[in-house]
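Data first, discussion second: the structure below is written as structure tokens.
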Amino acid sequence: MTVHGGSSTPGGARVIIGLLETAGVAAGLADGFAQLGWTSTVALTHEHPFGYAQPFERYKRLTRVIRYLSSELPGPLIRVGRVASLPFRVLLFIVACSRNDVFVFISRSRFVSYRERGLLKLLGKQVVEVFLGSDIRPPYMDGNLMRPSYGVTDDGCRALLADTQNALSVMEQHADLILAMPTYAQLLSKRTLDLLAIGLPLRSEVATTPIEPLPSSASDEAETTRRVPVVLHSPSSPEVKGTDLVRAAVAELVDAGLVLDYRELSGVPNKEIMAALGDCDLVIDQCYSDTPMAMFATEAAKLGRPVIVGGYGWAELERLCFHGFMPPTITCDPGDLAEVIRRYVSEPEQRAAVGVALASYVERLEPRLVAERLLLALRGDAPAEWFFDPREVTYVDGCGLSRERAAHLRADVLGVDAR
């Protein structure tokens with residue numbers, strides 16, 4: 001069964017989403033399709049620590065066995081466990097095929113092999129591939145993967161590149177829809193649905209969080225005058241997010257006489273981060289991003305907080321994406337970070353305007369609305385401007401890397417002149 005022209009009311013298609021969870025995307029999509037009246041299932045062969053998808057998880061006995069055998073056995077037994085998990089993975093695939101019409105794969109996940117996509121197509125299923133960045137980004141453009149502490153050699157990087165290319169060639173062959181952003185789609189070749197057009201669904205606890213006024217725009221004039229603007233940076237990985245550059249920019253501004261309260265959180269529960277967001281005036285997401293609004297920035301936007309995102313790929317996104325899809329985050333070149341911070345610390349009206357615009361933008365990320373747009377694309381009714389041709393992508397500076405580091409990696413791995 002396909003959903004071309006089908007119903008979104010109860011009794012319509014059945015969708016399974018997995019087999020990985022990243023930032024609550026699987027849970028959000030399942031929630032959105034459930035609100036449309038679909039039978040909505042999440043199956044996870046890799047456990048997520050926050051359990052976002054628990055209300056929609058099915059086939060738990062099978063997935064628990066697979067997770068145990070694949071990743072929870074002691075080191076010497078892990079290879080044996082992965083082999084032993086294969087019959088259970090095959091059984092999970094058979095059960096899923098018997099009970100679902102649409103398969104949404106998150107981040108290159110699979111039951112057994114990528115070639116199972118071909119069997120799904122033979123069985124009349126629709127296949128959707130959702131790529132979020134590090135799953136398909138060329139490895140030499142991935143600052144997290146290529147940080148020195150990981151010890152990935154040039155030969156190792158080339159092997160990872162070949163593995164990614166081989167996997168994508170199979171997935172593209174059988175996919176009905178491929179979702180990605182242009183700035184990390186360099187290895188794709190098939191017409192791709194812009195992930196910004198569909199949007200990443202808000203997790204339920206974020207979607208229901210009320211917008212709060214900026215503390216520095218409080219109605220009490222004395223309090224507004226007294227309060228020092230709070231600037232928050234919460235890096236999951238300080239090295240990759242460019243935290244040293246953030247600290248240097250803040251130190252430069254403070255030395256020049258700018259008054260601000262810089263707060264930095266790392267390695268703390270999400271509850272603490274949300275509380276800190278509620279008490280800040282300006283958010284610095286990261287310095288070397290290839291996406292204009294990742295999950296931390298989205299959480300800040302939901303609260304109406306203005307967000308600065310540094311990176312090199314904004315012109316590429318403007319060139320290849322329909323303009324209306326771009327979130328109104330404060331995007332900038334990493335070299336301009338200090339000046340951008342200075343401007344928005346100094347101008348409360350500008351902060352407030354960006355916060356209002358972001359809060360309005362994230363309304364389109366309600367799970368039901370995201371699922372409706374994805375359903376429109378599955379039916380073949382999405383507008384042409386929602387798509388881009390990845391063969392036209394020219395961006396090469398990656399994510400989590402300075403431009404200089406990215407150039408040297410290209411030179412070392414690909415033999416391309418670093419100048």
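Nothing in this text is a laboratory measurement; each read-out follows from the coordinates by a stated rule. Given the structure is predicted, the values throughout are model-derived calculations rather than measurements. Here Cβ is always computed from backbone atoms with ideal geometry, including for glycine, and neighbour counts include all displayed protein chains.
Annotations
- Projecting the Cα positions of Ala297, Leu260, Thr243 onto the charge dipole of the stretch 205-365 (unit charges on Cβ atoms of Lys, Arg, Asp and Glu, taken about the Cα centre) puts Ala297 furthest along the positive direction.
- Unit charges at the beta carbon, dipole of the chain: most positive-side option, Ala384, Thr63, Gln35: Thr63
- Structure-derived volume of the Cα convex hull per residue in Å³: which label, when the choices are (1) 146; (2) 309; (3) 236: (1)
- Placing a label point 7 Å from the Cα of Arg342 along the Cα-to-Cβ direction, the residues of the stretch 309-327 with a backbone N closer than 20 Å are 309-311.
- Among Val240, Val104, Val170, a tally of other beta-carbon atoms within 10 Å of each Cβ gives an order, fewest to most, of Val170, Val240, Val104.
- Dipole magnitude for the chain: about 2020 debye, using +1 per Lys or Arg Cβ and -1 per Asp or Glu Cβ, origin at the Cα centre.
- Taking every C-alpha pair closer than 8 Å and separated by at least 6 residues, the mean separation divided by the residue count of the stretch 254-355 gives a relative contact order of 27 percent.
- Cβ-based charge dipole, the chain, positive-most Cα from Phe322, Leu188, Ala175: Ala175
- Put a dot 7 Å past the Cα of Ala248, heading toward its Cβ, do the same for Val228, and the two dots end up 2.4 nm apart.
- Between the Cα long axis of helix 78-99 and the first principal axis of the chain there is an angle of about 80°, rounded to the nearest 10.
- The stretch 167-207 residues near the modelled Lys271 label - backbone nitrogen below 20 Å, point 7 Å along Cα→Cβ: 203-207
- Cα Rg, Dmax (largest Cα-Cα span) when computed across the stretch 302-419, Å: 17.9, 49
- For the stretch 28-145, the relative contact order is 16 percent, taking Cα pairs closer than 8 Å that sit 6 or more residues apart in sequence and dividing their mean separation by the residue count.
- For a straight C-alpha distance cut-off of 25 angstrom, the lysines reachable from Lys302 (same-chain residues fewer than eight places away being disregarded) are Lys241, Lys271.
- The mean sequence separation of alpha-carbon pairs under 8 Å and at least six residues apart, normalised by the residue count of the chain, gives a relative contact order of 18 percent.
- With at most 16 neighbouring Cβ atoms within 10 Å, loop chymotrypsin sites (Phe, Trp or Tyr not before Pro) (DSSP) excluded, longest segment of the chain: 51-321
- Computed extension gain for His46 through Asp333, at 0.36 nm per residue and net of the alpha carbon distance, reaches 99.7 nm.
- Global geometry of the stretch 205-365, whether rounded, prolate or oblate, following the gyration tensor of its Cα atoms and the 1.5 cut on a/c: rounded
- Taking the square roots of 5 times each eigenvalue of the Cα gyration tensor of the stretch 235-321, largest first, gives ellipsoid semi-axes of 21, 18, 13 Å.
- The stretch 31-173 shape via C-alpha gyration tensor axes, a/c threshold 1.5: prolate
- Principal-axis tilt of helix 337-346 within the chain, Cα atoms, nearest 10 degrees: 60 degrees
- Excluding same-chain neighbours fewer than eight residues apart, the lysines reachable from Lys190 by a Cα-Cα span under 27 Å are Lys121, Lys125.
- To the nearest ten degrees, helix 348-361 and the longest principal axis of the Cα atoms of the chain are 10 degrees apart.
- For the chain, the mean residue ellipticity at 222 nm estimated from helices alone is -12000 deg cm²/dmol, where every DSSP H run of n ≥ 4 contributes -39500 (n - 2.57) and the total is divided by all residues, rounded to the nearest 500.
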